[in-house]
Amino acid sequence: MLSVKNLEVVYNDVVLVLRGVSLSVPRGQIVALLGANGAGKTTLLRALSGLLDIHDGEITKGQILLDEKPIQRWNAPRIVAAGLGQVLEGRRVFGEFTVEENLRVGGHTRRGGLSESIEEIYELFPVLKERRKRTAGYLSGGEQQMLAMGRALVAQPDIVLLDEPSLGLAPRIVAQIKDIVVQINEQRGTTVLLVEQNAMMALSIANHGYVMEHGKIVMDQPAEALLQDSDIRDFYLGRG
Ligand code: ATP
């Protein structure tokens, strides 16, 4: 449903950060995108979401197809309205707003009723229901990540891009986030592109995985095969 063909991105007219990236995310799957810091993963997500221009970035070559339609010139609201949601790096929630207000903001482009949509989010994340009247800025890191995910999901996207949802979270919370990603994929049929440093977590739930290095895809394999790969084990999973 989402495919990227030979994409090139530059920042500030000069720095070439993506150098011909191609990948595809089939409908209904979870696809993992791995890579070291600075490999270009966030840049790719920005390109997919129409958010490059606010970072002085630009697509100079290639195509992004969402359900066969080229979207590389679309702006962010149009891309969201077409069913592609994203949870940005750093789980940016509106810190001064309550949990429920954050969810309402996320739902302004939804297709069905807002209250039903928010209730569904509370079923996925019971802790958000408990904290519905709390100011988002006072939530724990894990709760803010759940709120950032909830805010994207309330719009009922067909595909969601997650940028390092496990970053900085305790193992128990990472396990919860992982279960929720599986649940939204299985129950809602949401397609997921999951960017992670936590390769074990990502590959354990993904169908397929890509590894990026210096702005290029260097590995492209079923997740199970990547989990067995000795280079991946050494670099991302640690020996053992
Ligand atoms: P991380 O896991 O650290 O977020 P990443 O794989 O997501 O890494 P990117 O954030 O996409 O990598 O960064 C790729 C390269 O692009 C890096 O060298 C980074 O310094 C550069 N870069 C990112 N944003 C900008 C920007 N707004 N202007 C110029 N260069 C940038």
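Counting only aspartates and glutamates at least 8 places from K133 when in the same chain, those with an alpha carbon closer than 13 Å to its own are E96, E100, E101.
Provide the gained length on full extension for the span R73 to H55, in nm with one decimal, where the gain is 0.36 nm per separating residue minus the Cα-Cα distance. Walk me through the numbers on the way to the answer.
Numbers: separation 18, 0.36 × 18 = 6.48 nm, distance 1.55 nm.
Extra length from R73 to H55 when fully extended: 4.9 nm.
Rounded to the nearest whole Å³, what is the per residue volume of the convex hull around the Cα atoms of the stretch 99-240? Present the calculation step by step, with values, prior to reporting the outcome.
Details: hull volume 17.5 nm³, N = 142.
Considering the Cα atoms of the stretch 99-240, their hull volume per residue is 123 Å³.
Pairwise alpha-carbon distances in the stretch 1-53 exceed 13 Å for 63% of all pairs. Against the chain, whose longest principal axis comes from its Cα atoms, helix 171-188 is set at around 90 degrees.
Normalised by the number of residues in the stretch 162-240, the average gap of Cα pairs under 8 Å and 6 or more apart makes the relative contact order 24 percent.
Give the peptides 45-53, 149-157 in descending order of average Cβ contacts within 10 Å, highest first. Please report the intermediate quantities before stating the final value.
On the way: 45-53: 21.0, 149-157: 22.8.
Per-residue mean Cβ counts within 10 Å order the peptides as 149-157, 45-53.
The Cα center of the stretch 1-59 and the Cα center of the stretch 135-170 differ in position by 20 Å.
Pairs of Cα atoms nearer than 8 Å and 6+ residues apart set the relative contact order; for the stretch 1-85 it is 36 percent. Considering only beta bridges that DSSP places wholly inside the chain, some 60 percent are antiparallel. Taking a Cβ cut-off of under 12 Å around H214, the surrounding Lys, Arg, Asp and Glu residues balance to a net charge of +2, with basic ones at +1 and acidic ones at -1. Net charge in the neighbourhood of R131 (other residues with Cβ under 10 Å of its Cβ; Lys, Arg +1, Asp, Glu -1) is +1. Here the chain is described by how far its Cα atoms reach on the three principal axes: 45, 45, 30 Å, from widest to narrowest.
Rounded to the nearest 500, the 222 nm mean residue ellipticity of the chain from helices alone is -10000 deg cm²/dmol, with -39,500 (n - 2.57) taken per DSSP H run of at least 4 residues.
Taking 0.36 nm per residue of separation and subtracting the current Cα-Cα distance, fully stretching the chain between L16 and D234 would add 75.7 nm.
Of the cross-linked pairs K41/K61; K5/K41; K69/K216; K129/K178; K69/K129; K69/K178, which ones have a Cα-Cα span greater than 26 Å in the structure shown?
Values: K41/K61 17 Å; K5/K41 15 Å; K69/K216 23 Å; K129/K178 19 Å; K69/K129 37 Å; K69/K178 30 Å.
Violating the 26 Å limit, Cα to Cα: K69/K129; K69/K178.
Quick note: the coordinates plus some simple rules give every number you see, no bench work behind them. Being a predicted model, the structure only gives us computed values, none of them experimental. Methodologically, a virtual Cβ is constructed for each residue, glycine included, from the backbone with ideal geometry; neighbour enumeration extends over all protein chains shown.
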